[in-house]
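In what follows, a structure is listed as structure tokens, so that the remarks can point back to it.
The values are calculated or read from the model by the stated rules, or taken from the named source; none is laboratory data. Keep in mind the model is a prediction, meaning the values are calculated, not measured. Every residue, glycine as well, gets a Cβ built from its backbone with ideal geometry; the counts of neighbours run over all protein chains shown. To get the accessible areas, we keep the full protein, side chains included, count just its heavy atoms, and leave off ligands, DNA and RNA. Shrake-Rupley method; radii C 1.70, N 1.55, O 1.52, S 1.80 Å.
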Amino acid sequence: MINSAVSIYALGGLCEVGKNTYCIETEESLIIIDAGVMFPDESLPGVDYVIPDYSHLKTARQKIKGLFITHGHEDHIGGIPFLVQTLHIPVIYAPRLAAALIRHKLQDMHIRENINIVEIDSDSVIELNEFKVSFFYVTHSIPDSYGIVVDTKHGRIVHTGDFKIDLTPVGHEIELTKIAQIGGEGVDLLLSDSTNAEIEGYTPSETNVLKAIREIFDIASGRVILSTFSSNISRIQQVIQVAVEHNRYVAIIGRSMENAVDISRKFGIIKIPDRRIIPISEIRNYKLNEVCILCTGSQGESMAALSRIANDEHKDLTIIPGDSVVFSSSAIPGNGVLIDNVINKLTRKGATVFTNSILLSVHSSGHPCKQELRLMLRLMKPKYFMPIHGEYHMLKIHSEIAQSLGMPKSNIFVLENGEMIKLENHKVSYDSSFVCEPVYIDGRDINEVSSSVLKDREILKNDGLVTVAVGIDSSKGIITVNPIVITKAFICNYKNIKEEIAELVRKKLEVLVASKTTFSQIKAVIRNVVSQYIFRRTEREPMVIPVVMDKIK
């Protein structure tokens with residue numbers, strides 16, 4: 001067997017928060033750690049998912065030995081349906097809860113291929129060709145979260161997964177002793193979560209959140225409506241626990257939330273008697289102070305349950321004065337305006353709204369702050385370090401934390417997706433790079449949305465649409481129906497603008513159709529005339545759609 005160097009790189013997760021996909025490759029073997037998605041912001045109209053470009057994996061498809069999953073969040077498992085439709089993945093190794101979520105996701109996405117999913121835990125050891133893979137339990141905002149140790153002939157690589165060092169967790173404790181043991185045995189390269197690298201101190205414990213939620217239930221005289229991410233199963237577990245303690249019945253809104261609760265109940269992670277869960281359509285049969293509602297929409301998403309409730313668009317639920325609404329999450333950058341809009345609507349309808357604050361901790365991150373990052377680095381004692389899972393400034397700050405602990409700057413690698421480093425004889429150095437642009441998915445089709453389509457959508461969003469319809473008789477070279485101008489999402493309050501466009505087009509076409517011409521030339525003339533005129537009058541560049549109808553001979 002060739003004793004080749006080990007290449008380490010990311011297809012997603014570097015200089016961004018999302019679509020985490022990391023690869024460890026030799027000349028003969030390749031393993032993947034996580035396969036996530038990133039959800040689009042408003043700059044990507046009509047896009048449902050952003051996934052990595054798997055082209056590099058296609059070139060090495062014969063080497064792929066397996067996919068290892070750290071935990072069940074979408075930014076770590078959401079890309080799996082697209083990955084398995086693109087490439088053959090021999091086996092997926094995943095924690096029990098993540099495995100169940102993956103199976104449900106594949107079924108929901110109508111993936112008919114039989115995917116081999118093997119469940120792992122902290123005691124599992126997997127040997128695949130040149131790789132020996134083991135695991136350690138970490139605390140995160142979802143149960144069954146793990147870090148991964150990859151032993152190779154050239155040295156040891158550790159991937160922390162998403163973690164926080166919570167000494168009073170709700171659920172399983174982080175295996176600090178095992179982490180220290182791994183570090184004591186020697187770590188050549190550490191890949192570590194950088195999401196909260198900007199924040200000093202420690203991430204607040206989930207116990208603080210439990211206390212705050214209890215306080216809200218204690219004072220709530222009406223219904224309690226709590227919104228959080230459906231993947232934040234630890235939080236959902238706490239809310240249900242407190243609701244049962246306060247003799248409330250729980251209704252769940254949102255398909256993703258229902259699925260998460262159903263799977264977690266099957267595994268005993270969420271414990272609630274059947275009689276305590278009620279359909280949302282039956283909440284009117286209970287007193288207001290007997291009801292707790294769990295729903296999606298904590299980021300102000302327009303189609304999520306909480307936004308529909310705030311807009312009086314939900315068929316089973318409207319806000320009643322005295323309702324307590326809890327946003328149990330932090331705002332994703334860019335969503336602040338959407339969240340504020342929903343909060344204002346809820347407040348106008350008489351709800352008391354609770355958000356995360358210094359005085360009331362209704363949310364705690366699942367990611368480590370600076371002191372936890374320092375502790376992880378101290379325990380692992382890596383020779384080399386590659387910060388992962390974060391935007392560039394997060395990775396840079398994490399690298400500075402490592403330097404402050406005495407690690408040489410030359411031993412730290414702040415990379416972008418597609419940039420490779422290699423581990424050879426316990427030494428890490430820069431290798432090569434390849435292009436790794438994001439891929440945009442519309443719906444569930446694995447065929448990506450082209451950049452031209454995205455550009456067209458951006459034009460429609462910003463500048464609108466102008467359609468010009470005209471009838472001609474090409475055999476006689478005349479216009480039979482004068483141009484008709486129709487506008488959509490285009491502010492057409494300029495005096496006589498439609499009439500002037502129609503007249504300009506008519507004059508140009510009268511000359512054009514009288515001579516020998518083509519439909520393509522006619523449409524090009526319409527586009528040019530309309531675009532130039534509108535830009536001159538409005539400094540806007542709407543999409544122009546010419547419709548040319550020829551008389552049937």
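For this structure, a couple of remarks:
- All told, S330 meets the bar of being of a type in the set (S, T, N, Q), assigned to a loop (DSSP other than H, G, I, E, B) and without any contact (Cβ under 8 Å) to a residue 40 or more places away in the chain.
- Test: residue in segment 406-423 that is out of contact with any Gly (no Cβ under 8 Å at 6 or more places or on another chain), modelled with pLDDT under 90 and polar (S, T, N, Q): no
- Residue check for V362: without any contact (Cβ under 8 Å) to a residue 40 or more places away in the chain and within 27 Å of the chain's Cα centre (by Cα): no
- Within segment 129-150, tally of residues that are surrounded by fewer than 19 Cβ atoms within 10 Å (Cβ to Cβ) and modelled with pLDDT of 95 or more: 1
- Which listed residue, of T168, T195, T160, is open to solvent by 10 Å² or more (accessible area, probe 1.4 Å) and within 26 Å of the chain's Cα centre (by Cα): T195
- V428 assigned to a strand (DSSP E or B) and either within 29 Å of the chain's Cα centre (by Cα) or at pLDDT 95 or above (or both): yes
- Failed criterion for I272 (all others in (1) under 20 Å from S141 (Cα atoms); (2) touching a residue at least 40 places away in the same chain (Cβ under 8 Å) hold): (2)
- Taking the conditions (1) of a type outside the set (S, T, Y); (2) within 30 Å of G171 (Cβ to Cβ); (3) surrounded by 24 or more Cβ atoms within 10 Å (Cβ to Cβ) in turn, L106 satisfies each one other than (3).
- Note on segment 491-542: among residues that are without any contact (Cβ under 8 Å) to a residue 24 or more places away in the chain, within 43 Å of the chain's Cα centre (by Cα) and outside any helix (DSSP H, G or I), the one that is nearest to V466 (Cα to Cα) is C492.
- The conditions of being at pLDDT below 90, surrounded by 15 or more Cβ atoms within 10 Å (Cβ to Cβ), under 28 Å from the mean Cα position of the chain (by Cα) and among the charged types (D, E, K, R) are met by E301.
- Of all residues in segment 210-238, those being closer than 24 Å to A99 by Cα, open to solvent by less than 10 Å² (accessible area, probe 1.4 Å) and either outside any loop (DSSP other than H, G, I, E, B) or at pLDDT 95 or above (or both) number 5.
- Count of segment 241-269 residues which are over 15 Å from I142 (Cβ atoms), outside any strand (DSSP E or B) and touching a residue at least 24 places away in the same chain (Cβ under 8 Å): 10
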